[in-house]
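The values are calculated or read from the model by the stated rules, or taken from the named source; none is laboratory data. Because the structure is a prediction, the values reported are computed rather than measured. Virtual Cβ from ideal backbone geometry, glycine too; neighbours counted across all protein chains shown. Each accessible area value is taken on the protein alone, full model and side chains, heavy atoms only, with ligands, DNA and RNA left out. Shrake-Rupley method; radii C 1.70, N 1.55, O 1.52, S 1.80 Å.
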Amino acid sequence: MQTMGILGSPVELTNQVCTPDNPGTTPVIAYDTTGSYSQGNGALVEMVDIQLTGTTANTTLLMFYKLLDETTPKWRKAAQRAIASVTYSSTVELPSYKIPLKDILFPVPAAGAGTSLQQFQGLRINSSLRGIQWGFALTVTAGTAPIIVTLYGGEY
């Protein structure tokens, strides 16, 4: 890994609404292999963190990817996470969420001695040789308080 920490650009979602099967141009880009922040060799996302910042309606956070080398690039659903409604109070902690990531199949240490494959999950992002964008949207307007989505991990 060359760099570690926040990957791409954290996004704030309030009214970027679409359906899982027809996202159109709605998703907000959180990572783009052609972005100025990209090292160009790919990345490993270890966590997709979702932070509520105020009163929020019931919604679902949708995660999409778009392959930039296609003749007609389009957003495709990769994951989702339901977000329960919450009413902001200065005396109550706001909930946070994570999107479950896929198992990393190789390379991982041999199972045993208290290890399991669930410990090795993440999202591998292509190098700039095959451009890809990752973006997020909601199924219902969340309200005026943004939902902040941040990718954590490292770039190669």
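The table for this structure:
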read-out	value
Residues of segment 38-73 classified as in a loop (DSSP other than H, G, I, E, B) and either closer than 22 Å to V140 by Cβ or touching a His at 6+ places or on another chain (Cβ under 6 Å) (or both), total	5
Sole exception among (1) surrounded by fewer than 18 Cβ atoms within 10 Å (Cβ to Cβ); (2) within 15 Å of P146 (Cα to Cα) for V92, by number	(2)
Which listed residue, of I6, I50, is β-branched (V, I, T) and either open to solvent by 30 Å² or more (accessible area, probe 1.4 Å) or within 12 Å of I132 (Cβ to Cβ) (or both)	I6
